[in-house]
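The block underneath contains the structure these notes are about, expressed in C-alpha cells.
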C-alpha cells in the first residue's frame, strides 16, 4: 500500500507544467523514492520503469552517444512499450551505476521537452561527485527524506486529527484529550521512525518488535553499502562514525570519540556519510544577520542521524539494551524523555528539514556562545520575515530559558519559538536591560513542527 507523501504534490505540479526539466530524485536508500514515482505514474497513460541495477542490459543503450531520440527509441524497442511524449512517464531507477545515463538527462529538456523523465538511485551523490557538470541548469533535483510525523499520522488514518492540529495555534490551543492523543502518537513515531517499510509494518501489526526487525535489516543494508566506499575510506571507520553519531546526537561532534583515527580521516569519512544522506550536519553560526550561512564555523557541528527510529535502534544495539530505550520513550516522564534521550532535539531538527521545500538541499544551523565556561546555546535558527527566528527545544513547561533570553537580547530579536510537549501557547518576557522591550515566545508542540516551517 502506498502512503501519501508531501513530495507527491511537488511531483504532480512538475508533471502538469508545460515546460519542465528531467527530475533527479535524491535521498538515502529506502526512503520511498521509487514508490513516490510509481504513484505519480498512475496519472499517466503509460508508465515505463527501467532499473539499471536489476536490468543492466539497458546500460548498453546509453554507451554509444547521448542522442536521446535514439536512446528513447531503443528503450521502447527493448521494453516493448512505445514511449510517447506527453503520455509516458519514463522512470530510470538505480541510475548511479551508469554515468552515461546520468549525462544523458541534460539533453531531454532541449531534445524531447514534452517527455516526462525522472531518475533516481542509491548512493547517487557519489556518482554525481564524479560528474561535476552533469547537468547544471538542465536537470531539476528534488530531495526526499524519511516520512514526517504528519505523513505518519496520515498513514495511520489520522487525517481528521491532523486537520484539527493544523487548525490549532498558540492563540487557539487544542483540547487536552486531543493534545494527549497527539503526544502518544508522537512517542510511537519516535520509536518507529519514518522509514516507509517500518511505518507500514507498524500500521499493519502495531508490533514494535517486528518494526525493530525491519530496522535491523535496514541498518545492515546501509553497512553493506559501505564497501562501495572502499576505495575512498576504511569501511570500519564508516561503521564506527555511524554508531558514534548516534551516541553523540545533538552534541558537538567530537572526532576523538570515534576511535583511534586521525582527525582528517574521521572528517573525510564523516563527509561521505553526510553526502550519502545518512547523517545531517547542524552548523554553528554567529547569527549576526542573514543569510545564516555567511558566518558559520564548521569546526562546531552537531550531527543528526537521518531517522529517529533507526537511531534509537542503533543506540539499543550499541549500548546493549534496546528494551530499556523503548520503555523509556513509552512510559517515562516528558522531562526524562527529552533531557536524557535527546530525542526531542533530534526530531525537531529532522522535522524542520523534512518540511522545507524539496527543491533545494537545505542547511540547518544553531548558535552557541563560544566563550569559556559558557553554556548558552540555541538549538536551531531559521530565517523568517527578513530576520532570525530562534527555536529552543524544551521538556514540558519546566526548564530555564536563559539561553533564549540572552540570544534575543544580544541579537535584538522580538520573536522566538519554544518546542516542547506542551500544548500550544505563548508568553512574553520584558527585557528590563533593553528599554523594557517585549520578547514574545510562541509554544509549538513537538508534534506540530510543520507549522513552524509553513509560516516561513
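The values are calculated or read from the model by the stated rules, or taken from the named source; none is laboratory data. Keep in mind the model is a prediction, meaning the values are calculated, not measured. Quick reminder, even Gly has a Cβ in these numbers, built from the backbone with ideal geometry, and neighbours come from all protein chains shown.
Looking at the structure I just gave you, is residue 191 over 19 Å from residue 6 (Cα atoms) and not assigned by TED's automatic domain parsing to the domain that holds residue 445? Judged against the criteria, residue 191 is a match. Inside the stretch 4-26, residues that are outside any helix (DSSP H, G or I) and surrounded by fewer than 18 Cβ atoms within 10 Å (Cβ to Cβ) make up a count of 4.
With respect to being farther than 23 Å from residue 37 by Cα and over 18 Å from the mean Cα position of the chain (by Cα), residue 115 falls outside the description.
Scanning the stretch 262-280 for residues that are surrounded by fewer than 21 Cβ atoms within 10 Å (Cβ to Cβ) and either in the same structural domain as residue 128 (by TED's automatic domain parsing) or touching a helix residue (DSSP H, G or I) at 6+ places or on another chain (Cβ under 6 Å) (or both) yields 263, 275. Confirm whether residue 182 is farther than 28 Å from residue 274 by Cβ and crowded, with 22+ Cβ neighbours inside 10 Å. In short, yes.
Reported count of residues in the stretch 86-118, each being part of a loop (DSSP other than H, G, I, E, B) and under 19 Å from residue 45 (Cα atoms), is 6.
Strands (runs of 3 or more DSSP E) fully within the stretch 341-456 that include at least 2 residues being buried (at least 22 other Cβ atoms within 10 Å of the Cβ): 364-368, 377-384, 387-393, 415-420, 437-445.
Going by the conditions given, is residue 29 surrounded by 15 or more Cβ atoms within 10 Å (Cβ to Cβ) and part of a loop (DSSP other than H, G, I, E, B)? Yes; evaluated as a whole, the condition is true for this residue. Somewhere in the stretch 174-196, is a residue outside any helix (DSSP H, G or I), over 20 Å from residue 350 (Cα atoms) and in contact (Cβ under 8 Å) with a residue 60 or more places away in the chain? Yes.
Pairing residues of the stretch 229-253 that are touching a residue at least 40 places away in the same chain (Cβ under 8 Å) with residues that are in a helix (DSSP H, G or I), at Cβ distances under 6 Å and at least 6 apart in sequence or on separate chains, gives 229/272; 243/318; 246/311; 246/314; 246/315; 249/346; 250/345; 250/346.
Any residue in the stretch 36-47 that is in contact (Cβ under 8 Å) with a residue 12 or more places away in the chain, surrounded by fewer than 18 Cβ atoms within 10 Å (Cβ to Cβ) and part of a helix (DSSP H, G or I)? Checking the stretch 36-47: at least one residue is in contact (Cβ under 8 Å) with a residue 12 or more places away in the chain, surrounded by fewer than 18 Cβ atoms within 10 Å (Cβ to Cβ) and part of a helix (DSSP H, G or I). Count of the stretch 392-415 residues, restricted to those that are at pLDDT 90 or above and touching a helix residue (DSSP H, G or I) at 6+ places or on another chain (Cβ under 7 Å), is 2. Considering the stretch 294-345 alone, what residues qualify as being closer than 30 Å to residue 383 by Cα and modelled with pLDDT under 60? 334, 335, 337, 338, 339, 340, 341, listed by residue number.
Of all residues in the stretch 162-173, those that are within 22 Å of residue 4 (Cβ to Cβ) and not in a helix (DSSP H, G or I) total 1. Of the listed requirements (1) in contact with a helix residue (DSSP H, G or I) (Cβ under 7 Å, 6 or more places away or on another chain); (2) touching a residue at least 60 places away in the same chain (Cβ under 8 Å); (3) within 30 Å of residue 408 (Cβ to Cβ), residue 303 misses just one: (2). If you go through the stretch 197-214 and keep only what is in contact with a helix residue (DSSP H, G or I) (Cβ under 6 Å, 6 or more places away or on another chain) and either over 22 Å from residue 350 (Cα atoms) or modelled with pLDDT of 95 or more (or both), you end up with 197, 198, 199, 201, 202, 203, 210, 214.
For the stretch 119-141, the set of residues classified as assigned to a strand (DSSP E or B), at pLDDT below 95 and under 17 Å from the mean Cα position of the chain (by Cα) consists of 141 only.
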